[in-house]
C-alpha cells in the first residue's frame, strides 16, 4: 500500500505532442514553400523560352476585336482593359437578372411543392427532379442550339404577342428570331426625373412611417396598417406624379426595316439561352431550399400563434417567415454564388462574359495566360468573399440567441 | 337478467370522404383556390403532354440507317441509333471495344456483393477497399493497353459515356479522400496546417470550375519543367479532383463538427492516438451523418464532367454536340440533347435515390 507509483517516464522527444506539432507544421510549410518556388522557377524558365514578357502592360494596348454585347461604349480600338470592364459588366448583368428570376421562380415552385393540391405538388416535384439532374451546360446548349438557333430569319419573325396572348391587342410589339428577342424599349422623356424623385420621397416616407409605427406600437400597443399604407405610398405617389407630369414615358417598338429590326430592346440569343438555363436550373435548388426552410418551422409555432389570436396572414408574416428565412437565407446565398460562378459557362456559347471575352479571347490574342487567368480568378474570388462576408454578417444578426 | 347493451354498428363514413371521390375532394378540390389551380394544371398538361408524346413516340422514326428514314415529322431516334456506339465509346477503335465492356462488367461483378444484404460487412469493407485501390489499375491497364498483348489505345481516343464515367469515377474516388484530409486539416489545432487547408479550400470554392479547367489547360504546362507534358485527360482529372475535393472537405467538416466532444474525450481516455481516434471513432460517425452531402457532391461532380468540353475532350456531352453539327445529320440537335439529358438524368437520379436508401439503411439512431 505504501509503495509509491514509479515516477512517470518522460516520453522521448519524438513522442511529445508539442514537439510533434511544431515538426509537422514545419514540414508542411517547407514543402509548400519549396513547391511554390519550384513552380515559380519552372514558370520563369517557360516564359523565357516562349518569349512572353509578364506584366500587366498589355491591358492598355488596343484589342482589335468587337464584342456583341456591351453595356458601356466599346469599339475595336478600345484597350484590353476596357474589354475587362465590358466583360465584367456582362457577367454581373446576367448574374443579377438570373438571381432575380431564379428567386421568383424558386419561391413559387417551393411553395407549390408544399401545396395541399396533389396535382400541383406533383408537377412541382416533376419539374425539380427533371431540371436538377441534367447538367447546366447541356441545358444551355439545348436552349441555344436546339431552340434559339433554329428560329426563323428576321423576315419571318415570331410575333410573341400574337402567339402567347392572342386577341389582347399585343400584336407587333415583341418578336423572336434568330438574331434574338426584340422587345419594346422604354424612352424616358423630360419630366421622368420627377417620377423618380417622387419614388425616392415615397421610400423615405415609408421608412419614417415604419419607425413611427413601431414606436407608437411600443408605447401604446396600437397597430398601424403599415403594409397597405406603404404599398399605396410607394405605388401611388410615383403614379400620381407620372400623371401630373403628362406621362413622360414612351415605348419604342422594334420595326422590321430591310433585313433586320430597328429600335427596341434586343436580347441576344446567347444571353437569352444562358439566362433561361441558369434560371430554370438554379430555381430547382432554390425551391428545395424554400421547402426545407418552411418545413423546418415546427407546426406547433403555427398552432401557438393561432391560439394567441393572430390571423393566418399575421402568423405567416410574424411567426413562420422570420423563422423560415433564418434557415433559408444561408443556402440561398450559396445558390446565388453558384449562379454567378455558373454564368461563366457562357464561354461555351460565346456570350461575352468574363471567362469568354477576357480569359478566352484576350488570352488567346495576347498569350498572357497567367495574368488573364489570375485577374479572372481574382474577380470571382472577390465576389465570393464579399457575398460570404455579407452572409456571415446576416447570420450573426439573425442567429438564435441561446442560453 | 341484465340488459346487455350492444352498441350499434358504426355507420360507414360519408361516401364523399372515402374512395376516389374522397381522395379527389381532399387533394384536388378542397377549396376554391385549389379548384382553380387544379383546372389550370390540367389545362397545362392538356396543352403540353399530347404534342410531346406524339413527337417522342407516336410520330417518331425508329428504323432506318440515314436521315431519309426521318420523314414522319416526329423525333428522329434513328439519329441516336446510328450514333449510339459513338456516344458510348467515343473514338475507341472498333475492334477493341470489348475491352471497355469487359472493364464495366468487371466493375459490376466486383461491386455486386457490396449491394447485397446477405454479405457480411467485414467482407464488404475489404472488398470495397480492394476495389478502390485495385480496380483503377486493372481498368487503366485494360483501357489503355500496352500490356499483355493488348494494343495501346491513347486516351485521346477515349470518349463518349466511357470518358464521362472515367472522369466521374476517378474524380469521386480521389475527391473523397482528399476532402477528408482537408477537412481534418481544417479542424486541426496546428495553426500552420489549418491556414494552409483553409486557404486551399476557399480558393477552389471561390472560383468557377471552368476557370480551373482553363488554368489546367493553359497554365499547368507553364508550371512544369521544360519538356515535361501531361496528358490532356490527366490535366482535366487533376482540375476536377482538386475542385470537388474542396467542396467535399466542407461537407465532411460539417459532419466532423456534429460529433459531440465526448466522443473525442472517450477515445483519448481509451488511449487512442489521433489517427485511431479519427479512423475508428470520429470519421465513421461523421461520414454516415453527411451521406446526403457526399452524394450531392458526387452528383454535382457527375454533372460537372460535361465541362471538359471546354478544353476539347470528347465526353458524352461533347460527342453528342459534335454529332449534331455533322452536316449529314443537321437538324436533329433536339434528339441528341434529349438523349444525352436522359443518360445524365438516369445516373444522377439513380445516385440520389440510392443515397436515400442508404441513409435509411444506415440509420441506426432515433428516427424523428
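Coordinate-derived values only; no laboratory data. This structure is a prediction, so every number in the text was calculated from the model and none was measured. Neighbour counts are summed over all protein chains in view; Cβ atoms, including those assigned to glycine, are modelled from backbone coordinates with ideal geometry.
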Over chain B: helical MRE at 222 nm, DSSP H runs n ≥ 4 each giving -39500 (n - 2.57), nearest 500: -21000 deg cm²/dmol
Separation of alpha-carbon centers, region A:73-152 and region B:204-241, rounded to whole Å: 28 Å
Peptide B:215-222, shielding by other chains (average Cβ, 10 Å cutoff): 5
Cα gyration tensor, region A:89-227 - rounded (a/c under 1.5), prolate or oblate: oblate
Candidates A:47, A:385, A:226: whichever shows maximal mean-square fluctuation once chain A is modelled as a Gaussian network with Cα springs under 10 Å: A:226
Computed over chain B: relative contact order in percent, which uses C-alpha pairs under 8 Å that are six or more apart: 17 percent
Alpha carbon convex hull of chain A, volume per residue in cubic angstrom: 307 Å³
Dimensions in Å of region B:94-152 - Rg and Dmax from alpha carbons: 13.7, 41
Kirkwood hydrodynamic radius of region B:124-232, from inverse mean 1/r over distinct Cα pairs, in Å: 17.1 Å
Mean Cβ count within 10 Å, highest first, over the residues of peptides B:178-188, B:122-132: B:178-188, B:122-132
Most mobile listed residue (B:283, B:342, B:33) in chain B, GNM with C-alpha springs under 10 Å: B:33
Ranking of A:271, B:190 by count of other Cβ atoms within 10 Å, fewest first: B:190, A:271
Choice from B:112, B:56, B:75 with maximal GNM fluctuation in chain B (Cα, 10 Å cutoff): B:112
Approximate spin-label separation residue B:117-residue B:226, in nm, with each point projected 7 Å along Cα-to-Cβ: 6.6 nm
Residues B:282, A:164, B:166 arranged by fewest to most Cβ contacts within 10 Å: A:164, B:282, B:166
Cα shape, region B:9-133, gyration tensor, a/c 1.5 rule: oblate
Estimated inter-spin distance, residue B:125 and residue A:217, nm [label 7 Å along Cα→Cβ]: 5.7 nm
Shielding by partners, peptide A:139-146 (average Cβ within 10 angstrom, other chains): 5
Theoretical ellipticity at 222 nm over chain A - DSSP helices of four or more residues, -39500 (n - 2.57) apiece, nearest 500: -20000 deg cm²/dmol
Tensor-based shape of region A:171-281 (alpha-carbon gyration tensor, a/c under 1.5 rounded, otherwise prolate or oblate): oblate
Euclidean distance between Cα centres, region A:200-223 to region B:306-362, Å: 55 Å
Antiparallel bridges, percent of DSSP beta bridges restricted to the protein assembly as shown (to nearest 5): 90 percent
Sorted by Cβ neighbour density within 10 Å, fewest at the top, the residues B:204, B:158: B:204, B:158
Separation between Cα centres of region A:244-301 and region B:1-58, rounded to whole Å: 36 Å
10 Å binning of all Cα-Cα separations within chain B, expressed as whole percents from 0 upward: 4, 16, 23, 22, 17, 10, 5, 2, 1, 0, 0, 0
Cα Rg, Dmax (largest Cα-Cα span) when computed across the protein assembly as shown, Å: 31.1, 117
Inter-chain Cβ neighbour average for residues A:121-133, partner chain, 10 Å: 3
Zone residues, region B:301-319, relative to residue A:365, backbone N less than 20 Å from point 7 Å out along Cα-to-Cβ: none
Stokes-Einstein D (µm²/s) once Rh is taken as the Kirkwood radius of region B:263-368 over alpha-carbon pairs, at 4 °C in 1.567 mPa s: 74 µm²/s
Pairwise label distance in nanometres, residue B:328 with residue B:31, each label 7 Å out on the Cα-Cβ vector: 6.1 nm
Förster radius 60 Å - calculated FRET efficiency between residue A:382 and residue B:140 (Cβ-Cβ, nearest 0.05): 0.90
Relative contact order %, chain A, counting alpha carbon pairs below 8 Å whose residues are six or more apart: 20 percent
Theoretical gain in end-to-end length, residue A:129 to residue A:251 [0.36 nm per residue, Cα-Cα removed]: 39.9 nm
Percentage relative contact order, region B:94-152, counting C-alpha pairs under 8 Å, at least six apart: 36 percent
